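Q: Below you'll find the structure I mean.
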């Protein structure tokens with residue numbers, strides 16, 4: 001990219017929301033994938049208004065931002081593609097063939113490698129971010145979904161929903177190092193910031209398994225009990241840690257709540273009522289605010305991390321699923 | 001890269017993958033030694049029926065694999081063809097679902113040293129069913145029964161079947177869950193009473209509480225109509241009248257055409273007291289498909305045709321259902337029917353129970369199936385388990401029109417102290433099942 005076009009781009013970005021940015025120095029942008037609408041909603045954090053709706057492709061779900069904060073990457077399940085959105089201009093810049101039915105994806109810490117769960121194919125597709133070429137396809141259990149990358153980038157943990165396992169994959173050799181049986185229908189995996197543990201949610205099992213990343217032992221299984229809510233409605237999916245790593249927010253799906261877990265002893269501290277069928281959450285850059293994408297109510301809930309209070313809900317597209325935030 | 005994409009569609013790809021996978025598996029098995037099994041055993045140790053202790057860490061040899069052989073026992077029954085020409089006549093329902101599920105069990109089993117095999121035994125009608133079934137029971141205790149009521153009972157009552165686990169994937173007959181229940185038979189399809197309750201809850205929610213029953217004359221139709229009346233009592237609806245369609249089943253194709261049917265059905269439904277919906281009871285595809293748009297009064301049709309209550313439907317893709325629909329269509333080349341689904345679910349239930357309990361001994365396996373720890377995921381959102389009083393699988397029920405999903409029961413607001421799904425069908429107080 002030439003210097004001039006960089007300047008132009010910067011100018012364009014300033015034009016788009018320069019006033020808002022000036023008024024609110026910490027303003028950032030929230031991208032929400034809307035599974036039913038085939039769109040990504042762009043929400044301005046200062047006004048909490050949708051400032052743009054991007055037509056992205058069919059059945060967008062998994063959504064991340066690259067480590068350099070320049071690109072939003074979205075899985076398009078029904079297109080067998082992933083879309084790249086410029087995080088500043090909100091334009092779709094590129095689409096890559098990712099193999100059948102990509103659901104969730106993740107990226108290496110250096111931003112060079114994409115890991116895509118192909119739900120229909122029992123494969124993890126490893127792709128070069130720059131060229132879009134497939135480097136390797138790693139066969140795992142039936143219906144891959146969760147995709148965690150270790151902080152040092154050496155290990156990827158993929159979950160397979162039907163096989164009910166977390167598969168540890170070496171990112172250098174592409175070998176599967178371990179297959180850990182967890183409760184039914186594991187949907188999401190994430191490493192703790194120090195890389196020592198992997199948290200895995202089991203949607204149908206209604207639990208979260210904490211796996212030691214070195215010994216592959218299950219250290220703990222968190223279960224949930226909410227007064228007045230039937231146990232079968234508790235269907236954990238997304239996980240987000242607070243910035244200090246002391247708490248985890250678990251989206252409980254049909255229980256319409258986020259569980260707040262103390263990561264030192266795995267006790268549930270509180271349940272935060274959000275919209276219906278929360279899928280995934282994302283933390284603001286300063287860590288003070290959490291956003292929950294609520295599938296059934298077509299909105300995102302804004303949660304204050306300190307007080308654990310839901311502050312506001314912001315309507316987005318139909319069946320919102322995942323979130324990514326550009327600082 | 002583009003080439004890889006194209007290949008993906010090819011049929012041979014599956015084999016290539018499998019080979020690729022096997023090579024890989026061998027590599028990591030060598031590399032990681034017994035690690036995966038130790039890990040699996042660790043997580044297993046949290047289950048109530050723990051696996052045998054893993055061998056000492058030094059031992060490089062794998063423990064002997066658990067070989068699981070499931071018998072699929074069926075008969076080539078004569079089935080009525082679907083009345084609608086849009087529905088293809090399918091002769092391999094059930095077994096195709098079982099085959100897909102077996103692949104899934106096998107893939108999972110490879111990670112934990114369990115091998116899965118399906119023995120298929122679908123007997124011609126003129127074969128000596130009892131002799132063959134008895135012989136098969138000598139070597140098989142885990143059975144998927146694609147059998148009609150009389151054969152299912154004959155099988156269950158054989159002395160050799162006393163310690164067998166029989167998964168009934170075909171019947172919906174209430175009596176098999178009530179007076180005729182058996183301690184060795186688990187039922188995967190919803191009983192008829194669950195189906196009529198599922199529709200009833202929706203109709204009550206819609207405030208369409210007045211129903212006109214139009215029933216066929218077959219015993220199954222009468223039984224269905226009785227369930228409709230029972231559902232009405234249970235949920236506060238009213239059956240305003242009951243009519244019968246008395247003609248026998250005919251050919252689904254005729255040269256003469258539609259005119260006679262157009263004349264018949266208004267006659268069957270005219271001069272009825274005010275009602276909201278027609279509840280049609282036609283279990284054998286005689287006339288139900290003819291009901292919509294032909295009633296005397298303009299009313300929707302629900303029941304065995306029209307809006308139907310089923311365990312599976314092509315229009316259903318929630319809770320990850322897309323994956324199963326796609327997987328099935330890719331492998332089999334047609335849509336997945338309800339019986340394909342129940343057979344799939346039966347094999348998956350065996351797989352889930354054996355994966356977690358690590359046993360194929362019928363007694364502990366049966367105990368695990370009936371424990372609080374068992375739950376099979378069947379793309380319905382909840383883990384599904386069995387009612388201990390009649391071994392019926394609890395399950396949400398899909399309400400579907402011919403081309404679309406309309407709702408899923410239980411409906412909001414219908415409560416049960418234990419399971420919402422127990423608002424459908426025979427809850428414990430209504431059960432007439434007494435295992436010997």
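The values are calculated or read from the model by the stated rules, or taken from the named source; none is laboratory data. Keep in mind it's a predicted model, so treat the numbers as computed, not measured. Reconstructed Cβ throughout: ideal geometry from the backbone, glycine too, with neighbour counts over all protein chains shown.
Q: Just name the residue that is nearest to residue B:345 (Cα to Cα) out of those in segment B:162-176 that are touching a helix residue (DSSP H, G or I) at 6+ places or on another chain (Cβ under 8 Å) and in a loop (DSSP other than H, G, I, E, B). Write out each step before concluding.
A: Applying the first criterion (touching a helix residue (DSSP H, G or I) at 6+ places or on another chain (Cβ under 8 Å)) to segment B:162-176 yields B:163-176.
Still in the running and in a loop (DSSP other than H, G, I, E, B): B:163-164, B:169-173.
Values: B:163: 21, B:164: 18, B:169: 9, B:170: 12, B:171: 14, B:172: 15, B:173: 19 Å.
This residue is B:169.
Q: Any residue at all in segment B:138-159 that is in a loop (DSSP other than H, G, I, E, B) and free of Cβ contacts under 8 Å to residues at least 24 places away in the same chain?
A: The answer is no; no qualifying residue exists.
Q: Give the residues of segment A:222-237 that are facing another protein chain (nearest Cβ under 10 Å) and not in a loop (DSSP other than H, G, I, E, B), sorted by residue number.
A: Passing the criteria: A:231, A:232, A:233.
Q: Another question, then. With respect to the numbered conditions (1) farther than 30 Å from residue B:415 by Cβ; (2) surrounded by fewer than 19 Cβ atoms within 10 Å (Cβ to Cβ); (3) within 8 Å of chain B (Cβ to nearest Cβ), which one is the sole condition not fulfilled by residue A:142?
A: Status for residue A:142: all satisfied but (2).
Q: Then there's this: For segment B:306-348, how many residues meet the condition of being outside any loop (DSSP other than H, G, I, E, B), within 14 Å of chain A (Cβ to nearest Cβ) and either at pLDDT below 95 or over 25 Å from residue B:196 (Cα atoms) (or both)? Steps first, please.
A: Within segment B:306-348, the first condition is being outside any loop (DSSP other than H, G, I, E, B), and the residues that meet it are B:307-310, B:321-332, B:338-348.
So of that shortlist, the ones also within 14 Å of chain A (Cβ to nearest Cβ) come out as B:321-331, B:344-345, B:347-348.
Applying the additional criterion that residues be either at pLDDT below 95 or over 25 Å from residue B:196 (Cα atoms) (or both) yields B:321-331, B:347-348.
Residues flagged as outside any loop (DSSP other than H, G, I, E, B), within 14 Å of chain A (Cβ to nearest Cβ) and either at pLDDT below 95 or over 25 Å from residue B:196 (Cα atoms) (or both) within segment B:306-348 amount to 13.
Q: If you don't mind, there's one more thing I want to ask. Taking the residues in segment A:41-53 that are assigned to a strand (DSSP E or B) and without any contact (Cβ under 8 Å) to a residue 60 or more places away in the chain as candidates, determine which candidate is surrounded by the fewest Cβ atoms within 10 Å (Cβ to Cβ). Don't jump to the end; show me each part of the working.
A: Filtering segment A:41-53 for residues assigned to a strand (DSSP E or B) gives A:41-44, A:49-53.
Next, from what is left, pick out any that are without any contact (Cβ under 8 Å) to a residue 60 or more places away in the chain: A:42, A:44, A:51-52.
Numbers: A:42: 23, A:44: 20, A:51: 14, A:52: 17.
Filtering segment A:41-53 for residues that are assigned to a strand (DSSP E or B) and without any contact (Cβ under 8 Å) to a residue 60 or more places away in the chain, the one surrounded by the fewest Cβ atoms within 10 Å (Cβ to Cβ) comes out as A:51.
Q: Could you tell me whether any residue of segment A:149-159 is crowded, with 20+ Cβ neighbours inside 10 Å, modelled with pLDDT under 95 and over 22 Å from residue A:245 (Cα atoms)?
A: No, that holds for no residue.
Q: Can I ask one more? Pick out the one residue from B:194, B:121 that is assigned to a helix (DSSP H, G or I) and modelled with pLDDT of 95 or more.
A: B:194
Q: Under 7 Å between Cβ atoms, which residue pairs at least 6 apart in sequence (or on different chains) link something in segment B:96-115 that is at the interface with chain A (Cβ under 9 Å from one of its Cβ atoms) with a partner that is surrounded by 23 or more Cβ atoms within 10 Å (Cβ to Cβ) and part of a strand (DSSP E or B)?
A: Between residues of segment B:96-115 that are at the interface with chain A (Cβ under 9 Å from one of its Cβ atoms) and residues that are surrounded by 23 or more Cβ atoms within 10 Å (Cβ to Cβ) and part of a strand (DSSP E or B), the close pairs are B:111/A:165; B:111/A:179; B:112/A:181.
Q: Within the bounds of segment B:144-161, is there any residue that is touching a helix residue (DSSP H, G or I) at 6+ places or on another chain (Cβ under 8 Å), modelled with pLDDT of 95 or more and closer than 29 Å to residue B:406 by Cβ?
A: So far as segment B:144-161 goes, yes, one or more of its residues are touching a helix residue (DSSP H, G or I) at 6+ places or on another chain (Cβ under 8 Å), modelled with pLDDT of 95 or more and closer than 29 Å to residue B:406 by Cβ.
Q: Out of segment A:156-174, which residues are in contact (Cβ under 8 Å) with a residue 24 or more places away in the chain and not in a strand (DSSP E or B)?
A: Hits for segment A:156-174 are A:161, A:164, A:171, A:174.
Q: Looking at residue B:353, is it at pLDDT below 95 and more than 24 Å from residue B:83 (Cβ to Cβ)?
A: no
Q: Among B:284, B:215, which is under 30 Å from residue B:431 (Cβ atoms) and crowded, with 21+ Cβ neighbours inside 10 Å?
A: B:215
Q: So, of the residues in segment B:357-386 that are in contact with a strand residue (DSSP E or B) (Cβ under 8 Å, 6 or more places away or on another chain) and assigned to a helix (DSSP H, G or I), which turns out to be nearest to residue A:231 (Cα to Cα)?
A: Of everything passing the filter in segment B:357-386, B:369 is nearest to residue A:231 (Cα to Cα).
Q: To continue, here is another question. Here is a list of conditions, (1) farther than 23 Å from residue B:236 by Cβ; (2) modelled with pLDDT of 95 or more, and residue B:435 meets all of them except one; can you say which number that is?
A: (2)
Q: Please determine whether any residue of segment A:253-261 is within 14 Å of chain B (Cβ to nearest Cβ), surrounded by fewer than 16 Cβ atoms within 10 Å (Cβ to Cβ) and in contact with a helix residue (DSSP H, G or I) (Cβ under 9 Å, 6 or more places away or on another chain). Steps first, answer last, please.
A: Filtering segment A:253-261 for residues within 14 Å of chain B (Cβ to nearest Cβ) gives A:253-256.
Okay, now just the ones that are also surrounded by fewer than 16 Cβ atoms within 10 Å (Cβ to Cβ), so none.
Taking every residue of segment A:253-261 in turn, none turns out to be within 14 Å of chain B (Cβ to nearest Cβ), surrounded by fewer than 16 Cβ atoms within 10 Å (Cβ to Cβ) and in contact with a helix residue (DSSP H, G or I) (Cβ under 9 Å, 6 or more places away or on another chain).
Q: It is to be established whether one or more residues within segment A:192-208 are within 11 Å of chain B (Cβ to nearest Cβ), in contact with a strand residue (DSSP E or B) (Cβ under 8 Å, 6 or more places away or on another chain), surrounded by fewer than 24 Cβ atoms within 10 Å (Cβ to Cβ) and in a strand (DSSP E or B).
A: Yes: one or more hits.
Q: Check whether at least one residue in segment A:125-139 is touching a strand residue (DSSP E or B) at 6+ places or on another chain (Cβ under 9 Å), more than 13 Å from chain B (Cβ to nearest Cβ) and touching a residue at least 24 places away in the same chain (Cβ under 8 Å), and report yes or no.
A: For segment A:125-139, residues touching a strand residue (DSSP E or B) at 6+ places or on another chain (Cβ under 9 Å), more than 13 Å from chain B (Cβ to nearest Cβ) and touching a residue at least 24 places away in the same chain (Cβ under 8 Å): present.
Q: Against the definition (under 21 Å from residue A:62 (Cβ atoms) and surrounded by fewer than 19 Cβ atoms within 10 Å (Cβ to Cβ)), how does residue A:240 come out, yes or no?
A: no
Q: Report yes if residue A:219 is in a strand (DSSP E or B), touching a strand residue (DSSP E or B) at 6+ places or on another chain (Cβ under 9 Å) and exposed (fewer than 14 other Cβ atoms within 10 Å of the Cβ), otherwise no. Can you show your working first?
A: On the way: in a strand (DSSP E or B): yes; touching a strand residue (DSSP E or B) at 6+ places or on another chain (Cβ under 9 Å): yes; exposed (fewer than 14 other Cβ atoms within 10 Å of the Cβ): yes.
Yes.
Q: Only residues that are within 21 Å of the chain's Cα centre (by Cα), free of Cβ contacts under 8 Å to residues at least 40 places away in the same chain and in a loop (DSSP other than H, G, I, E, B): list them for segment B:409-426, please.
A: Within segment B:409-426, B:419 is the sole residue that qualifies.
Q: To continue, here is another question. Looking at (1) over 28 Å from residue A:220 (Cα atoms); (2) touching a helix residue (DSSP H, G or I) at 6+ places or on another chain (Cβ under 7 Å), can you tell me which one residue A:237 breaks?
A: The one condition residue A:237 does not meet is (1).
Q: For a quick check of your reading of the model, give me the residue pairs whose first member lies in segment B:249-267 and is closer than 15 Å to residue B:83 by Cβ, whose second is assigned to a loop (DSSP other than H, G, I, E, B) and modelled with pLDDT under 80, with beta-carbon atoms closer than 8 Å and at least 6 apart or on different chains.
A: Correct list of pairs: B:264/B:247.
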